[in-house]
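Notes to accompany the following structure.
The values are calculated or read from the model by the stated rules, or taken from the named source; none is laboratory data. This structure is a prediction, so every number in the text was calculated from the model and none was measured. Glycine gets a Cβ as well: all are built from the backbone with ideal geometry, and neighbour counts include every protein chain shown. Each accessible area value is taken on the protein alone, full model and side chains, heavy atoms only, with ligands, DNA and RNA left out. Shrake-Rupley method; radii C 1.70, N 1.55, O 1.52, S 1.80 Å.
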Amino acid sequence: MSKKSMEKKLRLGKELKRNRRVPVLAILRTHRKVQYNKFQRDWRRRKLRIKV
């Protein structure tokens, strides 16, 4: 397995955090204005294009 650079590691971590689902409480509190995460992606279909 290849070693990742620190920049790539940070980027992957950031994308993982962005990919999380929206908490139910957030949906309820905003009266469903926030229903889905626009940064969510399917790892099978959309690949990350990381330029490092």
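Quick notes on this structure:
- Lone qualifier among Leu48, Leu10, Leu28 - being assigned to a helix (DSSP H, G or I) and either at pLDDT below 95 or in contact with a His (Cβ under 8 Å, 6 or more places away or on another chain) (or both): Leu10
- Listed by first and then second residue, the pairs with beta-carbon distance under 8 Å, at least 6 apart or on different chains, first residue in region 33-49 and within 14 Å of Lys17 (Cα to Cα), second basic (Lys, Arg) and open to solvent by 100 Å² or more (accessible area, probe 1.4 Å), are Asn37/Arg20; Asn37/Arg21; Gln40/Arg20; Gln40/Arg21.
- Looking across region 22-40, the residues that are within 10 Å of the chain's Cα centre (by Cα) and either open to solvent by 60 Å² or more (accessible area, probe 1.4 Å) or over 27 Å from Leu12 (Cβ atoms) (or both) come down to Lys38, Phe39, Gln40.
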